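These notes are about the structure you will find just below.
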Amino acid sequence: MEALNAIKEVSYALDTFYFLVSGALVMWMAAGFAMLESGMVRSKNTVEILTKNVSLFAVASVMYMVVGYNIMYPADTINSVIPGVSFFLGADNAVADVVSGAEGAPYYSGMSDFFFQLVFAGAAMSIVSGAVAERMKLSSFLIFAIFMTSIIYPVQGFWKWGGGWLDAAGFLDFAGSGVVHMTGAVAALAGVILLGPRKGKYGPNGEIHAIPGANLPIATLGTFILWMGWFGFNGGSELMISNVGEANAVSLVFVNTNMAAAGGVIAALITAKLLFGKYDLTMALNGALAGLVAITAEPLTPTPGLATIIGAIGGVLVVFSITTLDKLKIDDPVGAISVHGVVGIWGILAVLLSNGDATFGAQILGIVAIFVWVFVASFIVWFIIKAIMGLRVGAEEEYEGMDLVDCGMEAYPEFTQNK
Amino acid sequence: MEALNAIKEVSYALDTFYFLVSGALVMWMAAGFAMLESGMVRSKNTVEILTKNVSLFAVASVMYMVVGYNIMYPADTINSVIPGVSFFLGADNAVADVVSGAEGAPYYSGMSDFFFQLVFAGAAMSIVSGAVAERMKLSSFLIFAIFMTSIIYPVQGFWKWGGGWLDAAGFLDFAGSGVVHMTGAVAALAGVILLGPRKGKYGPNGEIHAIPGANLPIATLGTFILWMGWFGFNGGSELMISNVGEANAVSLVFVNTNMAAAGGVIAALITAKLLFGKYDLTMALNGALAGLVAITAEPLTPTPGLATIIGAIGGVLVVFSITTLDKLKIDDPVGAISVHGVVGIWGILAVLLSNGDATFGAQILGIVAIFVWVFVASFIVWFIIKAIMGLRVGAEEEYEGMDLVDCGMEAYPEFTQNK
Amino acid sequence: MEALNAIKEVSYALDTFYFLVSGALVMWMAAGFAMLESGMVRSKNTVEILTKNVSLFAVASVMYMVVGYNIMYPADTINSVIPGVSFFLGADNAVADVVSGAEGAPYYSGMSDFFFQLVFAGAAMSIVSGAVAERMKLSSFLIFAIFMTSIIYPVQGFWKWGGGWLDAAGFLDFAGSGVVHMTGAVAALAGVILLGPRKGKYGPNGEIHAIPGANLPIATLGTFILWMGWFGFNGGSELMISNVGEANAVSLVFVNTNMAAAGGVIAALITAKLLFGKYDLTMALNGALAGLVAITAEPLTPTPGLATIIGAIGGVLVVFSITTLDKLKIDDPVGAISVHGVVGIWGILAVLLSNGDATFGAQILGIVAIFVWVFVASFIVWFIIKAIMGLRVGAEEEYEGMDLVDCGMEAYPEFTQNK
């Protein structure tokens, strides 16, 4: 008995440590988004996007702690659609509860779970950031971040992961192709529609002008950071590692996550080569991310071979989606809506390929429910912000760049000073 | 009995692994300092600061192994002020000792503890690097690094963490707001005073000229690296994770570390906006680091809400400190003295807000003791180096940049060649 | 009995988690190589090398899964020289097998081992990338990557780590100074010989022209990433952590890995200062990597002091090797052949300094066997690719840079546009 209790304590510690390491890797994705986005924009808007990425993660941390987590995982719920709010981070588990032998006894620190959930909220918000780059006011963005991480993201998170109605309906989304990635992308889409494209992106006769990013090594670094962080994102979402079955499961999730990214790179590279005749680095990077998003809804049941294919389809999709959005004049400087939204939907549907518990109806229901909630709620919030303070910087500010006007400094003062 | 011994072995392995992962994260902070500092200086001094950061970590590793660790954690002590030196890394623990059941039986690998302590010494030395940037001779700096990591840092480390008199006096410093951060900053302050400001930083009529950093994305990356590494820095300093209570404690430390950083970002951003009218990226980054430094002396007893506030106060302080030091003509290109020194003191005092065992007297005693020892010892070492070989590069070398003269290469030869 | 079985499950989970964390750190080395190489080349070839690094890791992942792993660790072997192929990733271990008490019962997830092995194959391929930079066709490189990660690397990996004849002959190579690093370097050497030097590197009268890298902060970052990732590379290669002896061993491996890198930095910095009169950053970075390569064949049996010396000798060697290869007109833009090849050989021989089981004959046999196999096989593959599609871009393309021609974009369009 003494030994069995001691084993429960060690298991608890191991599962907690696994959560914390996974959470630290997901926090690290904030750096990945910051580098990816700052490499993909022009130098004159780089300081602004860096400031935005650091600030949004801070805002997400505070708002998710005070409001969001309590909405997403409420101690009491009103019903399965509208969660209660406790505004409270409870005390952590006592030893007696852990070793009680009771059904549902806690097996890892609740505070480590909070940390893991918090960094997911940060990731969802980071997705929005890139799509509205180079023209949205920083203050307007940060106000949106408050609502996004307090309410919009947590409510649909409650529906699925908090045990709400979508979960009851059989919607499956292991690590958040829908709950995190599509949610971020749909919030971004609502913002982009109200915001409009960057000046000069689309010509009067339908021409699409490429606006190259200023620093592609840093964008590549961002992609590698995200790839690495995704091992925590998907790997941690198994929520347990401390026995043989769970350890095997987490291992398979790691492998499938890597294979999907690899498949996405290769497919996007080939697709872009066939379409454009070039080895397109930014498409390869988006292919990696697309593969990762695609496998996120179900990284456990596919074989590694199938995971590669799921990622590869994501990689093909992202190339076509990016070119299609440009034709629709939806200006997304980093491709976030395509990577996280279009491929997020693919990821949700791809669950059907390997998980026998998934149903087409439930997956579609999840897509529609999340889309409608996030789009409508985001649109209203963006709309109110626009009405009160505006979303967009002035035309001259956009031309000169947001860095000097908003932030008072340049990202690369010595490299661009003569330009 | 067999089972209990086996559990002790697994616990030992888990605690050791937790130490090693934490240590690897702290080693990674060396990259964070290197990126932060190289982004904050001008391109003409970038190779030098990169060389310095790589080299100082190497010097710290060797000197701390040969001398420093043995001073800080001596097998024999002369008394609680002056430690003995063994010049020896002992053999690691035997199984029999681990499972002996004896009071104080080793519960993790001593070699993993050495690794964890070594990377802390590297971090302390990295702090010095930024403050003396753009004008100190590389050779002089590296000679100081030898003394700092062999003697200056370890002696006060022994006083607190090695079980010396400051520990006995009740001084509390969980992960080193004082022992590491203030120590690094005070050593830097002594050097800066003897070194003087960069040419052109302060005008003859008291003007302060901003000298913008050359590469802010890389400085932002450095900050994110430090944020991530701090989970190892503070999280590992709990020193155990293998039971329910310890796992809960480490989890709370992770959360509080993150919340303090978030509070620091938001507070510094708002403070700078109110003072300067701009969203100041470098202040936001320093705010993140200030929040992290502020929570380092006590990341375990505050609630996450209080941790946010402690970090936020750090974020406000750092903005005022940086502007004040400039008025005093103490030229610190990256704000290291403010971030690690001024906010380090705040962190030591903030222990009083949540830890009932802390006393005002003991915390003040710790601040004064560390300050006096580190300042006096560092001043003497810097002074001797200055007398023998000089601290400062020549005026022409400073004007032309240290990179071509000292290092024979440019950091960005194609971006700056016409300037 | 119940308790002992439960302990086996927790141990299994801990060893698996240790493998996964180690593997994620090694995957992260792909980012390190990408940053190191992209910082060391000229801006006009930067997009190409980034595309190459992302793509090669994807190709390595897929090919190693489908073919390579099955060759390196075959379920059935024809003999100890020629492995069988199963084209199959087996199911993971069942609980009953883990707790069976049988000799050789599985103690960690096979899928986590596959992940760990896969990222090693990626690392071996990444080494090749830098040496052929700035002039090799991307398509030719990626075709070579297919053969390298399917066959060339796995066959010699089978000889040693898969239990083949080199292992039986007593050749010792803990984490792959030979199996990974020398292998990558020898494959690169064969390619470089067939490819020839970059235009302008060597003058008609034997002059050697330095071709400076475009972005040294990013190259330094790459080195720090590799340093960090090496804790997973060497630390994970102990293959177990879950008891006192293994936890102590992994800890010593971490310490020795760090000390060798530190020794390499200091030795290379001093050597270069004595030879060239400058503090040479790129030599310091190569010194760090040389130290790491040198300790990789045996990071467990040396004391930390000896590890420092082994790394330092690597740091001296790499400086002389780089200058010697230039005299031989073997053009290796990032020094990969010296760092991984020449120092890899030193690492294999350095096993003799501390491991009583090593014999001079077996270590030499390993060097020769790996060299001959990898060189001949690589030379044939490169030769066939050259005959069919060519290895080298056209002269004009090389002059203009590969980025615009092959990839259709520039890495830094705003920093270099007037040049």
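The values are calculated or read from the model by the stated rules, or taken from the named source; none is laboratory data. Note that this is a predicted model, so its numbers are computed, not measured. Every residue, glycine as well, gets a Cβ built from its backbone with ideal geometry; the counts of neighbours run over all protein chains shown. Quick note on the areas: whole protein, heavy atoms, side chains included, nothing else; ligands and nucleic acids left out. Shrake-Rupley method; radii C 1.70, N 1.55, O 1.52, S 1.80 Å.
Helix B:360-389 and the longest principal axis of the Cα set of chain B meet at an angle near 50°.
The orientation-averaged projected area of the convex hull spanned by the Cα atoms of the stretch A:307-361 comes to 4.2 nm². The overall shape of the stretch A:1-150 is oblate: from the C-alpha gyration tensor, with semi-axes ordered a ≥ b ≥ c, the ratio a/c is 1.5 or greater and a/b is no larger than b/c. Note on the protein assembly as shown: the C-alpha convex hull projects to 43.9 nm² when averaged across all orientations. With all protein chains kept in place, the per residue accessible area of the stretch B:2-407 amounts to 28 square angstrom at a probe of 1.4 angstrom.
Rounded to the nearest 500, the 222 nm mean residue ellipticity of chain B from helices alone is -20500 deg cm²/dmol, with -39,500 (n - 2.57) taken per DSSP H run of at least 4 residues. Label points for C:I208 are taken 7 Å from Cα along Cα→Cβ. From this copy to the others they lie 4.8, 4.8 nm apart, shortest first. In the stretch C:2-407, one over the average inverse separation of all distinct C-alpha pairs is 21.3 Å, which is the Kirkwood hydrodynamic radius. Taking 32 Å as the limit for the C-alpha separation, the pairs A:K201/C:K199; C:K44/C:K273; A:K199/A:K273; B:K201/C:K201; B:K199/B:K278; B:K201/C:K278 exceed it in the case of A:K201/C:K199; B:K201/C:K201.
Annotation: B:Y412 carries an accessible surface of approximately 0 Å², with a 1.4 Å probe and no ligand, DNA or RNA atoms counted.
Chain B packed on chain C takes about 4900 Å² of accessible surface away from a 1.4 Å probe, both sides summed. Tell me the net charge near B:I348. Cut-off is 9 Å between Cβ atoms, B:I348 excluded, with +1 for each Lys or Arg and -1 for each Asp or Glu. It works out to a net charge of -2. Taken over the stretch A:14-87, the alpha-carbon convex hull comes to 119 cubic angstrom per residue. The listed residues C:V381, B:V253 rank as C:V381, B:V253 when sorted by accessible area, largest first, using a 1.4 Å probe. Across B:I345, B:I225, B:I78, mean-square fluctuation computed from a Gaussian network of chain B (C-alpha pairs under 10 Å connected) peaks at B:I78.
Can you list the aspartates and glutamates whose alpha carbon sits under 14 Å from that of B:K327, skipping same-chain ones fewer than 8 residues off? Partners found: B:E207. Hey, could you grab the Kirkwood Rh for the stretch B:87-170? Inverse mean 1/r over distinct alpha carbon pairs, Å, one decimal. One over the average 1/r among Cα pairs gives 15.5 Å for the stretch B:87-170.
The heavy atoms of C:L352 present about 60 square angstrom of accessible area, all protein chains included, probe 1.4 Å. Largest first, the residues B:F360, B:F254 sort by 1.4 Å accessible area into B:F360, B:F254. Shown here: the stretch B:278-400, whose C-alpha atoms stretch 53, 39, 22 Å along the first, second and third principal axes, sorted largest to smallest. The heavy atoms of C:M228 present about 10 square angstrom of accessible area, all protein chains included, probe 1.4 Å. A Cβ-based charge dipole, computed about the Cα centre of the protein assembly as shown with Lys and Arg at +1 and Asp and Glu at -1, lands at about 3280 debye. Buried on complex formation within the stretch A:226-251 (loss of at least 20 square angstrom of accessible surface versus the isolated chain, 1.4 Å probe, ligands and nucleic acids ignored): A:W227, A:M228, A:F231, A:I241, A:S242, A:N243, A:V244, A:A247, A:N248, A:S251. Distances between copies of B:G163, taken at a point 7 Å out from Cα along the Cα→Cβ vector and listed shortest first: 4.8, 4.8 nm.
So, with a 1.4 angstrom probe, what is the percent of accessible area on the protein assembly as shown that is carbon and sulfur? Solvent-exposed carbon and sulfur of the protein assembly as shown make up 66 percent of the total. Summary: within chain C, the longest segment free of GluC sites (Glu not before Pro) located in DSSP loops with at most 16 other C-beta atoms within 10 Å is C:208-419. Relative to the longest principal axis of the Cα atoms of chain C, helix C:183-195 runs at roughly 30 degrees. These residues, A:K273, A:K52, go from largest to smallest accessible area, 1.4 Å probe, as A:K273, A:K52.
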